[in-house]
Amino acid sequence: MELQLGLAPPNHLIKGFDLNSPEEIMGPAKWACVRGLCGGKRDFDEAFDGPIKTLPLLWKQDDGGDEDDDGAQMGLDDAHSFNQCNNRRSVVGWPPIKASRKLGYGGGSTQREEMDESKGGYVKVMMEGVAIGRKVDLTVHDSYQTLTHTLNNMFGIYEKSGKEDGAKSPRYKLAYQDKEGDWMLVGDVPWGTFVQTVQRLKIQKRND
Amino acid sequence: MMYFPEEVLEHVFDFLSSHRDRNAASLVCKSWFKVERWSRHKVFIGNCYAITPERLIKRFPKVRSLSLKGKPHFADFNLVPHEWGGFVLPWIEAMAKSYPGLEELRLKRMVVSDESLELLSRAFPNFKALVLVSCEGFTTDGLASIAANCRFLRELDLQENDVDDHRGHWLCRFPDSCTSLVSLNFACLKGEVNLGALERLVARCPNLRSLRLNRSVPAEILCKILVKAPQLMDLGAGSCILVPRSDSFTKLTSAFLNCASVKSLSGFWEVTPRCLPAVYPICSKLTSLNLSYAPAIQGNDLIKLIRHCQKLQRLWVLDCIGDKGLAVVASTCKELQELRVFPSDPYVGGNAGVTEEGLVSVSIGCPKLHSLLYFCQQMTNAALTTVAKNCPRFTRFRLCILDPKRPDHMTSQPLDEGFGAIVQSCKDLRRLSLSGLLTDQVFLYIGMYAERLEMLSIAFAGDSDKGMLYVLNGCKNLRKLEIRDCPFGDDALLTDVGKYETMRSLWMSSCDVTIRGCKVLAEKMPRLNVEIINDKDLIEETPDDNQKVEKMYVYRTLDGPRKDAPEFVWTM
């Protein structure tokens, strides 16, 4: 299982997902975060009914999640990076503490201050083959994961199950333009640095 | 028939200090209504959009003190876009014309511009107290206007605001003639202040009781300030970096020794832990200690400090205190009434932090505990049940298990029973925040037992609409309900629409409510504003009614849809 949007290898450790390791399955559920405008249904529950449950290897579209592929997408990504750290990090506005407590405890600037330098946090996102661009607010994200989730939802990127129609799913890569005007692959630098330098984003088809 | 001249009635009403009592009195008869409204000097408005400034002024012509709240509570956690609203300027402009005698303004979660502060400083010659909590939109230039123009300023209290620090010399703008300060709190400012001006200001204000410094004020200056103001009762230290056993250290210790009145201590943005003994002289008198912004004070240093504080009634700490430290709190602070434990690093799991054990210890050792905010790694039903039994007097109980939906870590069960025990035992519970794995059952308990509940915060909980309905049906005194990421939809929202007029507000985000549900609610209840917040770019201008709503904020109002809503806020 791989992330739908290819990122450069992240800087932090991600535990490999291992179905044979019950501790990881029984651990706290990972939360997919920012939902798309349609507010995807939480098919997550189907997968995480109780503490001991194996995850579906392949997402089945008829698994009670009737309409929303957004939910399906979230399920897959969750499985990939099942990491206790990221559980909390992925959810916007969680844990419920004020910004002044979160960052540097009075030392760091608030996220908003950092954002002010980049047009109030909004950056344009273009996707190859899509005429109309979108804008994403970086201030409500605090990791690459939340950002890619949002972009997945925004652009309707989801993986069709290999079983169903045999079609090879398109895979994308995410690039950003930095302050110097160079295009870089997203994920190269720590999130905080990325946020201060990103000017715009581009989703491109990956040529395998 | 008894006849009371209005002057007598007014005098009697002077003894009614609570808003609720005065509101009740005003409903008795026309005469009481009239006397009450002319003699009302303090007004509290919990939602600035519930009424317009003009309506306030029409009803209460002689207000001297106003408290206003703006954004919904979840704005604290970045769930509300910055431009949503809550602007204070229209209020100040209206009051400038009608309340020349205004003395106090207290704002929470509002957008305050420098222009507002400038107007405030010039329009009210008697202005005495400005308290800003979790506000934003202003810079230190605005503070400079207040300092320069408010000749009788007694209180300038800035709590956790997001201030653009222009590093100007706002402190210098207090004229030499300003000697009236009683309370000065600039702890949340990030920039430097003119230290000489600060010292001189403190020296010429003999009534100064409360002083909270920001991190730019070093220990040496703190020492000088304490020497000049030994009458201080509430102190927020700045940075306290000292070489142990140095001259400065000795001076600071003796300065603290001289402060016989300090009851409340906070700050310590940066500190050399080995210098904490300088503070010991005042610890035994402290009733309030806030070290939640002092991550440098940990482990044994923290524990040793706490052992000196036997009279503590309020304690705010970081979770690096650990269960061990909480056990020390339990055995030392027998008078403890309020405890808040904040996460040191919200994103790190593992062994750091506190668990149910710490909470249980405190519940055993501190029987007067009635207010709790507790961020922890894990919890059990057994622990919650024990806590409920030991501390039946909780009025505020906010538990945040850092991993969403985490079950009882011993039994893997949902935490319904534990929270159920809390609401059943604590009959005076007014505020509750839930976390962990929870089913509809917990809401059944809440609806059944939490009769006095006024504010409820729910996240990642419940199975169906029934959950929300239990709460709406059962909690007769509910004023604020905020829900995120729960499977509650239109049925729950629309079953009892009249309920929302008895409440201040309802927030629902990432739930199953649809646009249609919001439209129906708005149609049925014209005295509610049903706002949908779309903080993402919309390609389609007219979305499908079946679409789920990402963020909905519903509140009662006398004055209809607000005129200052940004384009991403739709009022249905």
Quote to one decimal, in nm, the extra length available between B:D545 and B:K519 on full extension: 0.36 nm per residue of separation minus the C-alpha distance between them. 8.5 nm
Rank these residues by their accessible area, most exposed first, probe 1.4 Å: A:H149, B:H73. B:H73, A:H149
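Quote to one decimal, in nm, the extra length available between A:I132 and A:F155 on full extension: 0.36 nm per residue of separation minus the C-alpha distance between them. The partial results should precede the final answer.
Numbers: separation 23, 0.36 × 23 = 8.28 nm, distance 1.06 nm.
7.2 nm is the gain from fully extending A:I132 to A:F155.
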Dimensionless Rg ratio for region B:90-147, taking C-alpha atoms and the 2.2 N^0.38 Å reference: 1.02
When the gyration tensor of region B:6-89 is built from Cα positions, what are the square roots of 5 times its three eigenvalues, in whole Å, from largest to smallest? 31, 12, 10
Cut-off under 5 Å, modelled amide H: who pairs with A:R200 long-range: A:Q177
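Distance cut-off 24 Å, Cα to Cα: go down the list B:K405/B:K466; B:K311/B:K368; B:K108/B:K389; B:K42/B:K128; B:K466/B:K563; B:K519/B:K548 and report the pairs above it.
B:K108/B:K389; B:K466/B:K563
Can you give the translational diffusion coefficient of region B:44-139 in µm²/s, computed by Stokes-Einstein from the Kirkwood radius over Cα pairs at 20 °C and 1.002 mPa s?
The calculation lands on 159 µm²/s.
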Estimated translational D of region B:174-305 in µm²/s (Stokes, Kirkwood radius over Cα pairs; 37 °C; 0.692 mPa s): 224
Protein heavy-atom accessible area occluded, A/B pair - total, 1.4 Å probe, Å²: 4900
Read phi for every residue in region B:440-455 and hand back ³J(HN,Hα) as whole Hz from Karplus 6.51 cos²θ - 1.76 cosθ + 1.60, θ = phi - 60°, with x for Gly and Pro. 4, 4, 4, 6, 4, 4, 4, x, 6, 10, 8, 6, 8, 4, 10, 9
What shape does region B:66-197 take by its C-alpha gyration tensor, where a ≥ b ≥ c are the square roots of the eigenvalues and a/c under 1.5 counts as rounded, a/b above b/c as prolate, and the rest as oblate? oblate
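Please list the equivalent ellipsoid semi-axes of region B:378-457, computed as the square roots of five times the alpha-carbon gyration tensor eigenvalues, in descending order and whole angstrom.
Over the Cα atoms of region B:378-457, the ellipsoid semi-axes are 19, 13, 11 Å.
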Please turn the phi angles of region B:391-401 into ³J(HN,Hα) values with the Karplus equation 6.51 cos²θ - 1.76 cosθ + 1.60 (θ = phi - 60°), one per residue in order, whole Hz, x for glycine and proline. 10, x, 9, 4, 10, 10, 9, 10, 10, 10, 7
If you plug each phi of region A:179-195 into the Karplus form 6.51 cos²θ - 1.76 cosθ + 1.60 with θ = phi - 60°, what whole-Hz ³J(HN,Hα) values come out, in order, with x for Gly and Pro? 4, 7, x, 7, 9, 10, 7, 5, x, 5, 10, x, 3, x, 5, 4, 5
Rounded to the nearest 10 Å², the accessible area of B:T253 using a 1.4 Å probe with every protein chain kept is 30
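With 15 Å as the cut-off, how large is the P(r) tail for region B:239-296, expressed as percent of Cα-Cα pairs?
Working: 795 of 1653 pairs.
In whole percent, the share of Cα-Cα pairs in region B:239-296 beyond 15 Å is 48.
Given a 1.4 angstrom probe, I'd like the percentage of the accessible area of region B:158-205 that is carbon and sulfur, rounded to a whole number. Don't skip to the answer; put the middle values down first.
On the way: 890 of 1940 Å².
On region B:158-205, the fraction of accessible area on carbon and sulfur atoms equals 46 percent.
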Would you be so kind as to list the residues of region B:398-440 that have their accessible area lowered by at least 50 Å² in the full protein complex compared with their chain by itself (1.4 Å probe)? B:D403, B:P404, B:K405
Overall dimensions of region B:272-402 as given by Cα atoms, namely Rg and Dmax in Å: 13.8, 42
Quick one: P(r) of region B:346-486 from all Cα-Cα pairs, 10 Å bins, percents rounded to integers, in order of increasing distance. 13, 47, 34, 6, 0
Under-5 Å amide H pairs with B:R340, H placed in peptide plane, nonlocal only: B:L315, B:W316, B:V317, B:L373
What is the distance in Å between the Cα centroid of region B:402-427 and that of region B:221-273? 42
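Where does each of B:R479, B:R215, A:R101 land when they are ordered by accessible area, with a 1.4 Å probe and the largest first?
Per-residue accessible area, sorted high to low, gives B:R479, B:R215, A:R101.
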Nearest-10 value in Å² for the accessible area of B:F33, using the 1.4 Å probe: 80
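Taking the convex hull of the Cα atoms, report for region B:450-572 its projected area averaged over all directions, in nm². Kindly include the intermediate steps, with their values, before the conclusion.
Values: hull surface 29.3 nm².
Hull-based average projected area comes out at 7.3 nm².
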Tell me, what is the percent relative contact order of chain B, built from C-alpha pairs under 8 Å that lie six or more residues apart? 6
Counting only protein chains, not ligands or nucleic acids, how are B:S433, B:S17 ordered by accessible area (probe 1.4 Å), most first? B:S17, B:S433
5 angstrom amide H check on B:S433, placed H, neighbours 5+ away: B:F397, B:R398, B:L399, B:S457
Accessible area of B:E270 in the full protein assembly, 1.4 Å probe (Å², nearest 10): 80
Residue by residue through B:544-551, how many Cβ atoms from other chains fall within 10 Å of the Cβ on average? 3
Cβ-Cβ FRET estimate between B:S67 and B:E10, R0 fixed at 30 Å, reported to 0.05: 0.85
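Shielding by partners for B:503-514, please: the mean number of other protein chain Cβ atoms within 10 Å of each residue's Cβ.
Per residue, the average neighbour count from other chains is 2.
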Apply the a/c threshold of 1.5 to the C-alpha gyration tensor of chain B and tell me whether it is rounded, prolate or oblate. oblate
Rounded to 5, percent antiparallel among DSSP beta bridges of region B:456-572: 60
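Over region B:75-171, what relative contact order in percent results from Cα pairs under 8 Å that are six or more residues apart? Write down the numbers at each step before the final one.
Working: 178 pairs, mean separation 25.3, N = 97.
Rounded, it is 26 percent for region B:75-171.
Pull up the DSSP beta bridges for chain B and report the antiparallel fraction as a percent, rounded to 5. Mind showing how you got there, number by number?
Working: 14 of 90 bridges.
DSSP beta bridges in chain B are roughly 15 percent antiparallel.
Over region B:466-518, give the accessible area per residue in Å² for a 1.4 Å probe, as an integer.
Heavy-atom accessible area per residue stands at 30 Å².
Per-residue mean of other chain beta-carbon atoms within 10 angstrom of the beta-carbon, peptide B:459-467? Write out the running numbers ahead of the final one.
Numbers: counts 5, 5, 0, 0, 1, 0, 0, 0, 0.
Partner Cβ neighbours, averaged per residue: 1.
The values are calculated or read from the model by the stated rules, or taken from the named source; none is laboratory data. Keep in mind that what you see is a predicted model, and the values were worked out from it rather than measured. When we count neighbours, we look across all protein chains shown, and the Cβ atoms used for this are built from the backbone with ideal geometry, even at glycine. When the accessible area is computed, the model is the full protein with side chains, heavy atoms only, and any ligands, DNA or RNA have been set aside. Shrake-Rupley method; radii C 1.70, N 1.55, O 1.52, S 1.80 Å.
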